[in-house]
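Reviewing the structure listed below.
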Amino acid sequence: MRSPNAMPLAGSRVDGAMIALWVALMTIGLIMVASASIAFAALNYDDAWYFARRHGIYLMMGMMVALFVMCLPMSVWQRYSGYLLLFTLLLLVIVLIPGIGKRVNGSQRWLSLGFISIQVSEIAKVCAVIFFASFFARRYQELHFGWQGFLKPLLIVGLFVVLLLLEPDFGSSVVLCGTVFAMMFIAGVRLWHFLLLIAIGVMSLAAVAVFSPYRMQRLITFLDPWADQFNSGYQLTQSLIGFGRGEWVGLGLGNSLQKLFFLPEAHTDFIFAIIAEEFGLVGAVVTLALFAALIWRIFLLSRQNLAMGRVFPALATFGIAILFSIQVFINAGVASGLLPTKGLTLPFISYGGSSLLINCLLMGFVVRARWELHTRVSPLPETAARIQRRVIPVQEVPA
(Lines give C-alpha, C1' and ligand atoms only; values in the text may rest on other atoms or scores of the structure.)
Protein backbone atom coordinates (compact mmCIF):
# COMPACT_ATOMS: atom_id res chain seq x y z
CA MET A 1 0.00 0.00 0.00
CA ARG A 2 1.30 3.45 -0.87
CA SER A 3 2.42 5.62 2.01
CA PRO A 4 0.26 8.71 2.66
CA ASN A 5 3.42 10.77 2.21
CA ALA A 6 4.30 9.10 -1.11
CA MET A 7 4.70 11.39 -4.08
CA PRO A 8 4.46 10.12 -7.69
CA LEU A 9 7.20 11.17 -10.10
CA ALA A 10 6.72 12.43 -13.60
CA GLY A 11 8.25 10.65 -16.57
CA SER A 12 8.60 7.09 -17.75
CA ARG A 13 9.04 4.26 -15.29
CA VAL A 14 11.61 2.68 -17.63
CA ASP A 15 14.80 4.38 -18.79
CA GLY A 16 14.62 3.72 -22.53
CA ALA A 17 18.15 4.94 -23.15
CA MET A 18 19.55 2.58 -20.54
CA ILE A 19 17.66 -0.39 -22.00
CA ALA A 20 18.84 0.50 -25.52
CA LEU A 21 22.49 0.63 -24.35
CA TRP A 22 22.11 -2.71 -22.59
CA VAL A 23 20.60 -4.36 -25.66
CA ALA A 24 23.27 -2.82 -27.91
CA LEU A 25 26.06 -4.30 -25.79
CA MET A 26 24.43 -7.74 -25.72
CA THR A 27 23.99 -7.61 -29.50
CA ILE A 28 27.65 -6.73 -29.96
CA GLY A 29 28.52 -9.59 -27.63
CA LEU A 30 26.55 -12.16 -29.63
CA ILE A 31 28.06 -11.01 -32.93
CA MET A 32 31.62 -10.89 -31.60
CA VAL A 33 31.43 -14.26 -29.83
CA ALA A 34 30.27 -15.79 -33.11
CA SER A 35 33.10 -14.10 -35.01
CA ALA A 36 35.88 -14.75 -32.48
CA SER A 37 35.03 -18.40 -31.79
CA ILE A 38 34.13 -19.74 -35.22
CA ALA A 39 37.52 -21.29 -36.08
CA PHE A 40 38.16 -22.62 -32.57
CA ALA A 41 34.67 -24.17 -32.37
CA ALA A 42 34.97 -25.76 -35.82
CA LEU A 43 38.26 -27.45 -34.91
CA ASN A 44 37.41 -28.59 -31.37
CA TYR A 45 33.66 -29.25 -31.58
CA ASP A 46 33.06 -29.89 -35.31
CA ASP A 47 30.50 -27.09 -35.14
CA ALA A 48 31.52 -23.56 -36.13
CA TRP A 49 28.51 -22.06 -34.32
CA TYR A 50 28.93 -24.04 -31.08
CA PHE A 51 29.83 -21.06 -28.87
CA ALA A 52 27.54 -18.63 -30.69
CA ARG A 53 24.58 -20.96 -30.16
CA ARG A 54 25.36 -21.46 -26.48
CA HIS A 55 25.89 -17.72 -26.02
CA GLY A 56 22.46 -17.10 -27.56
CA ILE A 57 20.92 -19.59 -25.11
CA TYR A 58 22.66 -17.86 -22.21
CA LEU A 59 21.30 -14.54 -23.47
CA MET A 60 17.74 -15.86 -23.40
CA MET A 61 18.30 -17.32 -19.93
CA GLY A 62 19.80 -13.99 -18.83
CA MET A 63 16.75 -12.09 -20.03
CA MET A 64 14.47 -14.47 -18.11
CA VAL A 65 16.58 -13.94 -14.96
CA ALA A 66 16.41 -10.17 -15.51
CA LEU A 67 12.62 -10.27 -15.91
CA PHE A 68 12.31 -12.29 -12.70
CA VAL A 69 14.47 -9.79 -10.80
CA MET A 70 12.43 -6.89 -12.20
CA CYS A 71 9.40 -8.37 -10.47
CA LEU A 72 11.05 -8.43 -7.03
CA PRO A 73 10.64 -5.29 -4.87
CA MET A 74 13.78 -3.67 -3.49
CA SER A 75 12.49 -4.43 0.02
CA VAL A 76 12.82 -8.18 -0.62
CA TRP A 77 16.51 -7.86 -1.51
CA GLN A 78 17.14 -5.68 1.53
CA ARG A 79 15.25 -7.95 3.90
CA TYR A 80 17.12 -11.10 2.87
CA SER A 81 20.56 -9.57 2.24
CA GLY A 82 22.00 -11.30 5.31
CA TYR A 83 20.85 -14.70 4.09
CA LEU A 84 22.38 -13.95 0.67
CA LEU A 85 25.69 -13.26 2.40
CA LEU A 86 25.60 -16.58 4.26
CA PHE A 87 24.57 -18.42 1.09
CA THR A 88 27.48 -16.91 -0.83
CA LEU A 89 30.03 -17.75 1.85
CA LEU A 90 28.70 -21.31 1.90
CA LEU A 91 29.13 -21.57 -1.89
CA LEU A 92 32.67 -20.18 -1.65
CA VAL A 93 33.50 -22.94 0.85
CA ILE A 94 31.75 -25.72 -1.09
CA VAL A 95 33.53 -24.88 -4.34
CA LEU A 96 36.88 -25.52 -2.61
CA ILE A 97 35.93 -29.10 -1.64
CA PRO A 98 37.72 -31.61 -3.92
CA GLY A 99 35.28 -33.54 -6.07
CA ILE A 100 32.59 -30.87 -5.80
CA GLY A 101 34.28 -27.78 -7.20
CA LYS A 102 35.25 -28.00 -10.87
CA ARG A 103 38.92 -27.27 -11.63
CA VAL A 104 39.78 -25.52 -14.91
CA ASN A 105 43.28 -24.27 -15.84
CA GLY A 106 44.51 -24.73 -12.28
CA SER A 107 41.66 -22.80 -10.62
CA GLN A 108 38.79 -24.37 -8.70
CA ARG A 109 36.11 -21.72 -9.23
CA TRP A 110 33.12 -23.50 -10.75
CA LEU A 111 30.17 -25.57 -9.56
CA SER A 112 28.77 -27.84 -12.25
CA LEU A 113 24.98 -27.92 -12.54
CA GLY A 114 24.99 -30.27 -15.51
CA PHE A 115 23.83 -27.94 -18.27
CA ILE A 116 25.90 -25.01 -17.00
CA SER A 117 28.92 -24.38 -14.77
CA ILE A 118 28.44 -21.50 -12.35
CA GLN A 119 31.44 -19.41 -11.35
CA VAL A 120 30.88 -18.78 -7.65
CA SER A 121 32.89 -15.53 -7.64
CA GLU A 122 30.27 -13.99 -9.96
CA ILE A 123 27.56 -14.75 -7.42
CA ALA A 124 29.80 -13.38 -4.66
CA LYS A 125 30.06 -9.99 -6.40
CA VAL A 126 26.27 -9.61 -6.60
CA CYS A 127 25.60 -10.71 -3.04
CA ALA A 128 28.39 -8.47 -1.72
CA VAL A 129 26.90 -5.41 -3.42
CA ILE A 130 23.39 -6.16 -2.09
CA PHE A 131 24.54 -7.04 1.43
CA PHE A 132 26.78 -4.01 1.88
CA ALA A 133 24.17 -1.66 0.40
CA SER A 134 21.74 -2.94 3.02
CA PHE A 135 24.37 -2.87 5.79
CA PHE A 136 25.48 0.70 5.08
CA ALA A 137 21.88 1.90 4.77
CA ARG A 138 21.02 0.42 8.19
CA ARG A 139 24.29 1.06 10.04
CA TYR A 140 25.20 4.52 8.86
CA GLN A 141 25.79 5.84 12.38
CA GLU A 142 28.20 3.00 13.20
CA LEU A 143 30.09 3.47 9.93
CA HIS A 144 30.48 7.21 10.34
CA PHE A 145 31.12 7.61 14.06
CA GLY A 146 32.80 4.47 15.37
CA TRP A 147 35.48 1.88 14.74
CA GLN A 148 32.98 -0.96 15.11
CA GLY A 149 31.03 0.03 12.03
CA PHE A 150 34.28 0.41 10.10
CA LEU A 151 35.77 -2.94 11.16
CA LYS A 152 32.67 -5.10 10.63
CA PRO A 153 32.50 -4.66 6.82
CA LEU A 154 36.30 -4.86 6.66
CA LEU A 155 36.27 -8.30 8.31
CA ILE A 156 33.53 -9.53 5.98
CA VAL A 157 35.42 -8.30 2.92
CA GLY A 158 38.54 -9.99 4.26
CA LEU A 159 36.68 -13.29 4.56
CA PHE A 160 35.45 -12.96 0.97
CA VAL A 161 38.97 -12.22 -0.27
CA VAL A 162 40.55 -15.16 1.59
CA LEU A 163 38.04 -17.62 0.13
CA LEU A 164 38.44 -16.16 -3.37
CA LEU A 165 42.24 -16.34 -3.19
CA LEU A 166 42.04 -19.99 -2.18
CA GLU A 167 40.41 -20.82 -5.53
CA PRO A 168 42.54 -18.82 -6.61
CA ASP A 169 40.75 -15.81 -8.16
CA PHE A 170 42.86 -12.69 -7.72
CA GLY A 171 40.93 -10.67 -10.30
CA SER A 172 37.57 -11.11 -8.59
CA SER A 173 39.20 -10.20 -5.26
CA VAL A 174 40.38 -6.89 -6.72
CA VAL A 175 36.95 -6.17 -8.25
CA LEU A 176 35.09 -6.99 -5.05
CA CYS A 177 37.44 -4.92 -2.84
CA GLY A 178 37.29 -1.94 -5.19
CA THR A 179 33.50 -2.05 -5.32
CA VAL A 180 32.95 -2.36 -1.57
CA PHE A 181 35.55 0.30 -0.74
CA ALA A 182 33.84 2.73 -3.13
CA MET A 183 30.48 1.97 -1.51
CA MET A 184 31.96 2.58 1.94
CA PHE A 185 33.28 5.95 0.84
CA ILE A 186 29.99 7.11 -0.63
CA ALA A 187 28.12 5.76 2.42
CA GLY A 188 30.03 8.14 4.68
CA VAL A 189 33.09 6.44 6.13
CA ARG A 190 35.53 8.95 7.59
CA LEU A 191 38.16 10.09 5.14
CA TRP A 192 41.12 8.93 7.21
CA HIS A 193 39.41 5.58 7.79
CA PHE A 194 38.95 5.32 4.03
CA LEU A 195 42.58 6.19 3.29
CA LEU A 196 43.68 3.59 5.84
CA LEU A 197 41.38 1.08 4.18
CA ILE A 198 42.85 1.81 0.75
CA ALA A 199 46.39 1.46 2.11
CA ILE A 200 45.59 -1.89 3.74
CA GLY A 201 43.87 -3.17 0.60
CA VAL A 202 46.65 -2.12 -1.76
CA MET A 203 49.40 -3.54 0.47
CA SER A 204 47.53 -6.82 0.96
CA LEU A 205 46.84 -7.37 -2.73
CA ALA A 206 50.37 -6.30 -3.63
CA ALA A 207 51.77 -8.82 -1.15
CA VAL A 208 49.62 -11.57 -2.63
CA ALA A 209 50.88 -10.68 -6.12
CA VAL A 210 54.54 -10.39 -5.16
CA PHE A 211 54.77 -13.57 -3.06
CA SER A 212 52.94 -15.73 -5.63
CA PRO A 213 55.48 -16.89 -8.26
CA TYR A 214 53.13 -17.08 -11.23
CA ARG A 215 51.56 -13.69 -10.42
CA MET A 216 55.01 -12.17 -10.08
CA GLN A 217 55.89 -13.61 -13.48
CA ARG A 218 52.81 -11.93 -14.93
CA LEU A 219 53.97 -8.59 -13.56
CA ILE A 220 57.44 -9.07 -15.05
CA THR A 221 55.93 -10.10 -18.40
CA PHE A 222 53.61 -7.10 -18.36
CA LEU A 223 56.57 -4.72 -18.14
CA ASP A 224 58.17 -6.19 -21.28
CA PRO A 225 56.03 -8.85 -22.99
CA TRP A 226 58.26 -8.90 -26.07
CA ALA A 227 61.21 -10.16 -24.03
CA ASP A 228 59.48 -13.57 -23.83
CA GLN A 229 56.93 -13.32 -26.61
CA PHE A 230 56.72 -17.07 -27.28
CA ASN A 231 56.24 -18.11 -23.66
CA SER A 232 54.90 -16.01 -20.77
CA GLY A 233 54.37 -12.94 -22.96
CA TYR A 234 52.63 -14.81 -25.78
CA GLN A 235 49.03 -13.92 -24.95
CA LEU A 236 49.69 -10.22 -24.45
CA THR A 237 51.87 -9.86 -27.55
CA GLN A 238 49.24 -11.57 -29.71
CA SER A 239 46.60 -9.23 -28.27
CA LEU A 240 48.77 -6.20 -29.08
CA ILE A 241 49.31 -7.51 -32.61
CA GLY A 242 45.53 -7.62 -32.97
CA PHE A 243 45.28 -3.97 -31.91
CA GLY A 244 48.02 -3.07 -34.39
CA ARG A 245 46.34 -4.87 -37.28
CA GLY A 246 43.06 -3.07 -36.63
CA GLU A 247 44.52 0.41 -37.13
CA TRP A 248 41.72 3.03 -37.48
CA VAL A 249 38.70 1.17 -38.89
CA GLY A 250 39.73 -2.50 -38.66
CA LEU A 251 39.90 -5.43 -41.03
CA GLY A 252 36.13 -5.92 -41.10
CA LEU A 253 33.75 -8.27 -39.28
CA GLY A 254 34.99 -11.86 -39.47
CA ASN A 255 38.39 -10.94 -40.93
CA SER A 256 40.48 -11.20 -37.76
CA LEU A 257 43.67 -13.21 -38.12
CA GLN A 258 44.46 -13.43 -34.42
CA LYS A 259 41.37 -15.54 -33.73
CA LEU A 260 42.81 -18.22 -36.05
CA PHE A 261 44.58 -19.96 -33.14
CA PHE A 262 47.09 -17.17 -32.50
CA LEU A 263 45.33 -15.45 -29.60
CA PRO A 264 44.23 -17.75 -26.73
CA GLU A 265 40.84 -17.00 -25.11
CA ALA A 266 39.85 -14.90 -28.12
CA HIS A 267 36.11 -15.27 -27.44
CA THR A 268 36.34 -14.85 -23.65
CA ASP A 269 38.90 -12.74 -21.80
CA PHE A 270 40.53 -11.21 -24.90
CA ILE A 271 37.49 -10.53 -27.04
CA PHE A 272 38.19 -6.79 -26.86
CA ALA A 273 41.37 -7.39 -28.90
CA ILE A 274 39.27 -9.03 -31.63
CA ILE A 275 36.89 -6.04 -31.59
CA ALA A 276 39.90 -3.74 -32.04
CA GLU A 277 41.28 -5.89 -34.87
CA GLU A 278 38.02 -6.19 -36.81
CA PHE A 279 36.68 -2.68 -36.16
CA GLY A 280 39.84 -0.73 -35.38
CA LEU A 281 40.27 2.12 -32.97
CA VAL A 282 36.84 3.45 -33.97
CA GLY A 283 35.12 0.19 -32.98
CA ALA A 284 37.03 -0.06 -29.71
CA VAL A 285 36.18 3.53 -28.76
CA VAL A 286 32.51 3.07 -29.67
CA THR A 287 32.33 -0.07 -27.51
CA LEU A 288 33.88 1.73 -24.55
CA ALA A 289 31.58 4.72 -25.16
CA LEU A 290 28.53 2.44 -24.92
CA PHE A 291 29.78 1.10 -21.61
CA ALA A 292 30.52 4.61 -20.36
CA ALA A 293 27.02 5.79 -21.29
CA LEU A 294 25.37 2.79 -19.59
CA ILE A 295 27.43 3.20 -16.43
CA TRP A 296 26.72 6.93 -16.36
CA ARG A 297 22.96 6.27 -16.59
CA ILE A 298 23.26 3.92 -13.60
CA PHE A 299 25.20 6.55 -11.64
CA LEU A 300 22.48 9.11 -12.39
CA LEU A 301 19.84 6.63 -11.23
CA SER A 302 21.76 6.10 -8.00
CA ARG A 303 21.92 9.85 -7.37
CA GLN A 304 18.23 10.27 -8.03
CA ASN A 305 17.34 7.43 -5.66
CA LEU A 306 19.46 9.12 -3.02
CA ALA A 307 17.69 12.44 -3.59
CA MET A 308 14.38 10.73 -2.85
CA GLY A 309 15.56 9.11 0.35
CA ARG A 310 15.88 5.60 -1.10
CA VAL A 311 19.25 4.77 0.46
CA PHE A 312 19.40 1.02 -0.21
CA PRO A 313 18.63 1.26 -3.97
CA ALA A 314 20.96 4.25 -4.23
CA LEU A 315 23.91 2.40 -2.69
CA ALA A 316 23.17 -0.84 -4.54
CA THR A 317 22.95 0.80 -7.97
CA PHE A 318 26.08 2.80 -7.18
CA GLY A 319 27.85 -0.47 -6.37
CA ILE A 320 26.63 -2.03 -9.62
CA ALA A 321 27.95 0.93 -11.61
CA ILE A 322 31.34 0.64 -9.88
CA LEU A 323 31.36 -3.13 -10.47
CA PHE A 324 30.79 -2.68 -14.22
CA SER A 325 33.35 0.16 -14.35
CA ILE A 326 36.13 -1.88 -12.76
CA GLN A 327 35.48 -4.95 -14.90
CA VAL A 328 35.43 -2.98 -18.15
CA PHE A 329 38.57 -1.07 -17.16
CA ILE A 330 40.48 -4.24 -16.22
CA ASN A 331 39.38 -6.24 -19.27
CA ALA A 332 40.18 -3.46 -21.75
CA GLY A 333 43.36 -2.59 -19.86
CA VAL A 334 44.64 -6.17 -19.93
CA ALA A 335 43.87 -6.62 -23.65
CA SER A 336 45.60 -3.35 -24.57
CA GLY A 337 48.65 -3.92 -22.35
CA LEU A 338 47.75 -1.22 -19.84
CA LEU A 339 47.42 -3.75 -16.99
CA PRO A 340 49.01 -7.13 -16.18
CA THR A 341 47.24 -10.17 -17.62
CA LYS A 342 44.21 -11.17 -15.55
CA GLY A 343 41.24 -13.31 -16.46
CA LEU A 344 38.12 -11.14 -16.29
CA THR A 345 35.30 -11.12 -18.79
CA LEU A 346 34.00 -8.04 -20.60
CA PRO A 347 30.40 -7.59 -19.32
CA PHE A 348 27.66 -8.61 -21.80
CA ILE A 349 30.25 -9.25 -24.56
CA SER A 350 32.64 -12.03 -23.53
CA TYR A 351 31.50 -15.64 -23.77
CA GLY A 352 30.65 -17.08 -20.36
CA GLY A 353 27.32 -18.33 -19.08
CA SER A 354 27.59 -17.43 -15.40
CA SER A 355 29.04 -13.98 -16.16
CA LEU A 356 26.26 -13.16 -18.61
CA LEU A 357 23.51 -14.42 -16.29
CA ILE A 358 24.84 -12.41 -13.35
CA ASN A 359 25.25 -9.24 -15.41
CA CYS A 360 21.67 -9.56 -16.68
CA LEU A 361 20.52 -10.07 -13.08
CA LEU A 362 22.27 -6.82 -12.11
CA MET A 363 20.59 -4.96 -14.96
CA GLY A 364 17.23 -6.36 -13.92
CA PHE A 365 17.91 -4.97 -10.43
CA VAL A 366 18.78 -1.56 -11.93
CA VAL A 367 15.59 -1.50 -14.03
CA ARG A 368 13.54 -2.33 -10.93
CA ALA A 369 15.24 0.49 -9.01
CA ARG A 370 14.21 2.89 -11.78
CA TRP A 371 10.65 1.53 -11.75
CA GLU A 372 10.26 2.13 -8.01
CA LEU A 373 11.37 5.75 -8.37
CA HIS A 374 7.73 6.58 -9.10
CA THR A 375 7.04 6.42 -5.38
CA ARG A 376 9.17 8.36 -2.98
CA VAL A 377 8.83 8.98 0.73
CA SER A 378 8.99 12.52 2.07
CA PRO A 379 10.75 13.99 3.96
CA LEU A 380 14.26 12.89 3.08
CA PRO A 381 15.61 10.51 5.76
CA GLU A 382 18.60 11.72 7.77
CA THR A 383 20.87 8.95 6.42
CA ALA A 384 20.20 9.93 2.82
CA ALA A 385 20.68 13.61 3.61
CA ARG A 386 24.06 12.90 5.19
CA ILE A 387 25.24 10.73 2.29
CA GLN A 388 24.17 13.41 -0.20
CA ARG A 389 26.83 15.71 1.18
CA ARG A 390 29.42 13.36 -0.33
CA VAL A 391 28.09 13.55 -3.87
CA ILE A 392 27.51 16.22 -6.49
CA PRO A 393 24.06 17.87 -6.27
CA VAL A 394 21.51 15.57 -7.86
CA GLN A 395 20.30 16.17 -11.39
CA GLU A 396 17.12 14.62 -12.66
CA VAL A 397 17.55 11.71 -15.03
CA PRO A 398 15.81 12.53 -18.33
CA ALA A 399 12.74 10.44 -18.99
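The values are calculated or read from the model by the stated rules, or taken from the named source; none is laboratory data. These numbers were taken from a predicted model, which means no experiment stands behind them. Because the Cβ atoms are built from the backbone with ideal geometry, glycine has one as well, and the counts that use them run over all protein chains shown. The protein model used for the area step is the full one, side chains on, heavy atoms only, and it has no ligands, DNA or RNA in it. Shrake-Rupley method; radii C 1.70, N 1.55, O 1.52, S 1.80 Å.
Solvent-accessible area per residue for the chain at a 1.4 Å probe radius, Å²?
Working: 17510 Å² over 399 residues.
Value for the chain: 44 Å² per residue.
Kindly provide the pair-distance distribution of the chain built from C-alpha pairs, with 20 Å bins from 0 and whole-percent values in order of increasing distance.
26, 58, 16, 0
Between I94 and A20, with labels modelled 7 Å along Cα→Cβ, what's the label distance in nm to one decimal, could you check?
With each label point 7 Å from Cα toward Cβ, the separation is 4.2 nm.
Once you keep just the Cα pairs under 8 angstrom separated by 6 or more residues, what percentage relative contact order results for the chain?
27
At 7 Å along the Cα-to-beta-carbon direction for both A42 and V202, put a label point, then send me their distance in nm to one decimal.
Result for the modelled spin labels: 4.9 nm.
For the stretch 53-209, what does the convex hull of the Cα positions come to per residue, in cubic angstrom?
Details: hull volume 19.8 nm³, N = 157.
Cα convex hull per residue, to the nearest whole number: 126 Å³.
What FRET efficiency comes out for the pair R53/L253, r = Cβ-Cβ distance, R0 = 30 Å, nearest 0.05? Could the numbers behind the result be given before it?
On the way: r = 18 Å, r/R0 = 0.61.
Once the sixth-power term is evaluated, E becomes 0.95.
With a 10 Å radius around each residue's Cβ, average the other Cβ atoms per peptide and rank 157-170, 105-118, highest first.
By packing density, highest mean first, the sequence is 157-170, 105-118.
Ignoring ligands, DNA and RNA, what percent of the 1.4 Å accessible area of the chain is carbon and sulfur?
70
Check the straight Cα-Cα distances from K102 and name the aspartates and glutamates below 16 Å, setting aside those fewer than 8 residues away within the same chain.
Leaving aside aspartates and glutamates fewer than 8 places away in the same chain, those within reach of K102 are E122, E167, D169.
Taking the Cα atoms of the stretch 109-200 alone, what are Rg (to one decimal) and Dmax (as a whole number) in Å?
Cα radius of gyration and Dmax of the stretch 109-200 are 14.4, 49 Å respectively.
Give the shape of the stretch 12-97 as rounded, prolate or oblate, defined through the alpha-carbon gyration tensor: a ≥ b ≥ c are the square roots of its eigenvalues, a/c under 1.5 means rounded, and otherwise the shape is prolate if a/b is larger than b/c and oblate if not.
Oblate shape, in that a/c is at least 1.5 and b/c is the bigger or equal ratio.
Please work out whether the stretch 203-348 counts as rounded, prolate or oblate from its C-alpha gyration tensor, where a ≥ b ≥ c are the square roots of the eigenvalues and a/c under 1.5 means rounded, while otherwise a/b larger than b/c means prolate and anything else oblate?
Oblate.
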